[in-house]
1. From (1) outside any helix (DSSP H, G or I); (2) at pLDDT below 95; (3) of a type in the set (D, E, K, R), pick out the condition that doesn't hold for ASP179.
2. For a quick check of your reading of the model, give me the residue pairs whose first member lies in the range 247-259 and is at pLDDT below 70, whose second is among the hydroxyl-bearing types (Ser, Thr, Tyr), with beta-carbon atoms closer than 8 Å and at least 6 apart or on different chains.
3. Given the criterion surrounded by fewer than 20 Cβ atoms within 10 Å (Cβ to Cβ), within 17 Å of ARG230 (Cβ to Cβ) and of a type in the set (A, V, I, L, M), identify the matching residue among ALA116, ALA145.
4. Is it the case that GLU90 is assigned by TED's automatic domain parsing to the domain that holds PRO184 and not in a helix (DSSP H, G or I)?
5. Out of the residues in the range 262-275 meeting the condition of being within 20 Å of the chain's Cα centre (by Cα) and among the hydrophobic types (A, V, I, L, M, F, W, C), tell me which one is farthest from PRO297 (Cα to Cα).
6. Working carefully through the options VAL278, VAL284, find the one that is more than 22 Å from the chain's Cα centre (by Cα), of a type outside the set (Gly, Ala, Ser), within 29 Å of CYS159 (Cα to Cα) and surrounded by 17 or more Cβ atoms within 10 Å (Cβ to Cβ).
Amino acid sequence: MGRKKKGGTMDGPGEAGARVARIVRKIRRDVAAGRGYHHVEPFPIPSRDDVIELVHLARRILFPGYFSRATMDRETLGYTLGRDVSYFAESLARQVAAAHRHERFRRGKACGECEALGREKALAVVERLPEVRRLLATDVDAAVAGDPASRGPDEVIFCYPGLFAITVYRVAHLLYELDVPVIPRIMTEYAHGETGIDIHPGARIGPSFFIDHGTGVVIGETTEIGARVRIYQGVTLGALSLSPDAVERYRGAVKRHPTIEDDVIVYANATILGGRTVIGARSVIGGNVWLTESVPPDTKVLLEAPSLVYMGPGKEKVSRGPRRRRT
């Protein structure tokens, strides 16, 4: 049946088909005229779905046995890992080649070496997966040690959104360091959508990193985080706002985000901004603090206790003065 029009009549199959054809012609004209964004070329663009599949495959490799459907034992470990690592390397090589080819195309250049480049960079990532496993073990241990609600490493690996975001970041960071276009951001923005935790793949994060709860955390591209750092939900490690002219000057790896040294704790909803801002080792940044300047080591930065207002039964306001802060 056709679709009912406002006047009460129905589109017949022929008229509906004609309307679809007109829409298609309009879009084709826009593409031909270069309006909007499109990729209409005889070579593939990176596949977001395939990159997301690589994220989950990487987790199976980095945590053997945790995310596999089949039971894994010591007898089958070698076969299963060999199969997964081989597929990961082959699929990643295709995506890296597509990313480089598309980047060259956007600049009007050919890329005869893109296939070889994809294989080379994929192998470089695979060779560093054991190193990533060791780092992730320190992240799991930090979560278990830092969260009394944790019942052990299994719960952290299966359930904690912070560990998922960190796992994806650590893989994406390898690709970022190899100057692979777009794929690192696809990975970390997928994790962002799944967890609410936004870690740019360019950030540099040391071992034993723990994000508690995590929703609303933002870690910018040039952030540097030392060892044994703990942050809570809503924390922003960001950049100061730039004028449109300055955006191009600062685009890329120019230092715009803060440095957090070893053994720092940053509590919920704190905001720390600026490339020259350094939070010294062993410092504690309290909740809701806003910082655009450096803090020496071994410093606590806290807000003054707020004044609370209580509403009585008759809706009258009764101010109780500043709330005492527990020490």
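The values are calculated or read from the model by the stated rules, or taken from the named source; none is laboratory data. Treat the numbers as computed from the prediction; the structure is a model and nothing was measured. Please note: Cβ atoms are built from the backbone with ideal geometry, for glycine as well, and neighbour counts cover all protein chains shown.
1. Against the list (1) outside any helix (DSSP H, G or I); (2) at pLDDT below 95; (3) of a type in the set (D, E, K, R), ASP179 comes up short only on (2).
2. Hits for this filter: ALA253/THR222.
3. That would be ALA145, the only listed residue that is surrounded by fewer than 20 Cβ atoms within 10 Å (Cβ to Cβ), within 17 Å of ARG230 (Cβ to Cβ) and of a type in the set (A, V, I, L, M).
4. So GLU90 fails the test.
5. This residue is ALA268.
6. Just a single option satisfies the conditions, and that option is VAL284.
For (1) modelled with pLDDT of 95 or more; (2) outside any helix (DSSP H, G or I), each residue gets a yes or a no:
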| position | (1), (2) |
| --- | --- |
| SER68 | no, yes |
| MET72 | no, yes |
| GLY78 | no, no |
| SER86 | yes, no |
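Okay, residues lined up against (1) closer than 21 Å to PRO207 by Cα; (2) at pLDDT below 95; (3) of a type outside the set (A, V, I, L, M, F, W, C):
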residue	(1), (2), (3)
GLU120	no, no, yes
LEU123	no, no, no
GLU131	yes, no, yes
THR138	yes, no, yes
ASP141	yes, no, yes
GLU155	yes, no, yes
TYR160	yes, no, yes
TYR169	yes, no, yes
ARG185	no, no, yes
